[in-house]
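Before any comments, here is the structure.
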Amino acid sequence: MTDVAFYHLQRSPLEDALPKLLEKTLVAGKRAVVLAGSTERVEALAAHLWIYRPDSWLPHGTAVDGSPEDQPVWLTERDENPNGAAFLFLTDGADSPSVAAFERCFDLFDGNDPAAVAAARGRWQARKAEGHAVTYWQQGERGGWERKA
């Protein structure tokens, strides 16, 4: 059983939330796969991870970079785990039939997009039906995460 956490983005975009969660992943000594919706989105997120904060560096790679086994964070548009990650991050409405192969899964979705919210509800129901432990986190007024029922 995988711990699946749904992150309802309301106050900040994925580009602000994802790096913070990836930083915590690395501090915990874990590797991550970030599954995005397209090759272009993968490369945009990878470029953003180089500049998201001037005083920080988050090691990551993509198929363009190669050597996934050397990358603690792997960004991809394919359902794969070439870096032996324990954590899976689903973005852009991406889904994976391989959720059970990970220790944790983070499903980040745009709470300001009704279609994205509806799709996340569907993924929530599917994860529950698969027997995973699911939690729901929503951004509060100040942008911090609040666990909801």
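The values are calculated or read from the model by the stated rules, or taken from the named source; none is laboratory data. What you are looking at is a predicted structure, and each value in this text was computed from that prediction instead of being measured. Cβ atoms come from the backbone with ideal geometry, glycine included; neighbour counts cover every protein chain shown.
Values as computed for the structure displayed
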quantity: Hits in the stretch 1-36 - residues which are in a loop (DSSP other than H, G, I, E, B) and modelled with pLDDT of 95 or more; calculated: THR2, ALA28, GLY29, LYS30, ARG31, ALA36
quantity: Number of the exception - GLU43 against (1) over 28 Å from ARG147 (Cβ atoms); (2) at pLDDT below 95; (3) not in a loop (DSSP other than H, G, I, E, B); calculated: (2)
quantity: Residue match in the stretch 64-72 (condition: touching a helix residue (DSSP H, G or I) at 6+ places or on another chain (Cβ under 7 Å) and under 23 Å from LEU9 (Cβ atoms)); calculated: no
quantity: All positions within the stretch 134-146 that are modelled with pLDDT of 95 or more and surrounded by fewer than 16 Cβ atoms within 10 Å (Cβ to Cβ); calculated: THR135
quantity: Residue in the stretch 43-68 that is farthest from GLU23 (Cα to Cα), counting only those that are more than 19 Å from the chain's Cα centre (by Cα) and charged (D, E, K, R); calculated: ASP65
quantity: Close pairs (8 angstrom Cβ cut-off, 6 or more residues apart or separate chains): among the acidic types (Asp, Glu) in the stretch 23-38, surrounded by 13 or more Cβ atoms within 10 Å (Cβ to Cβ) and not in a helix (DSSP H, G or I) anywhere; calculated: GLU23/LEU58
quantity: The stretch 91-120, subset over 11 Å from the mean Cα position of the chain (by Cα) and closer than 20 Å to VAL27 by Cα, residue surrounded by the fewest Cβ atoms within 10 Å (Cβ to Cβ); calculated: GLU103
quantity: Scan of the stretch 113-132 for residues that are over 23 Å from ALA101 (Cβ atoms) and part of a helix (DSSP H, G or I), ordered by number; calculated: PRO114, ALA115, ALA116, VAL117, ALA118, ARG121
quantity: Long-range neighbours under 8 Å by Cβ, at least six apart or interchain, first residue modelled with pLDDT under 95 within the stretch 111-133, second surrounded by 11 or more Cβ atoms within 10 Å (Cβ to Cβ) and not in a helix (DSSP H, G or I); calculated: GLY111/HIS8; GLY111/LEU9; GLY111/GLN10; GLY111/GLN138; GLY111/GLN139; ASN112/LEU9; ASN112/GLN10
quantity: Lone unmet requirement of (1) surrounded by 14 or more Cβ atoms within 10 Å (Cβ to Cβ); (2) within 16 Å of ALA85 (Cα to Cα); (3) within 13 Å of the chain's Cα centre (by Cα) for LYS24; calculated: (1)
quantity: Single condition LEU88 does not satisfy, out of (1) at pLDDT 95 or above; (2) out of contact with any Lys or Arg (no Cβ under 8 Å at 6 or more places or on another chain); (3) surrounded by 15 or more Cβ atoms within 10 Å (Cβ to Cβ); calculated: (2)
quantity: Within the stretch 50-71, tally of residues that are modelled with pLDDT of 95 or more and either closer than 16 Å to ALA94 by Cα or surrounded by 15 or more Cβ atoms within 10 Å (Cβ to Cβ) (or both); calculated: 6
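One line per residue, one yes/no per condition, for (1) more than 22 Å from GLY144 (Cα to Cα); (2) aromatic (Phe, Trp, Tyr); (3) in contact with a Leu (Cβ under 7 Å, 6 or more places away or on another chain):
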{"site": "GLU23", "(1), (2), (3)": "no, no, yes"}
{"site": "ALA28", "(1), (2), (3)": "no, no, no"}
{"site": "HIS48", "(1), (2), (3)": "no, no, no"}
{"site": "ASP55", "(1), (2), (3)": "no, no, no"}
{"site": "HIS60", "(1), (2), (3)": "yes, no, yes"}
{"site": "GLU69", "(1), (2), (3)": "yes, no, no"}
{"site": "PHE87", "(1), (2), (3)": "no, yes, no"}
{"site": "THR91", "(1), (2), (3)": "no, no, yes"}
{"site": "ALA116", "(1), (2), (3)": "no, no, no"}
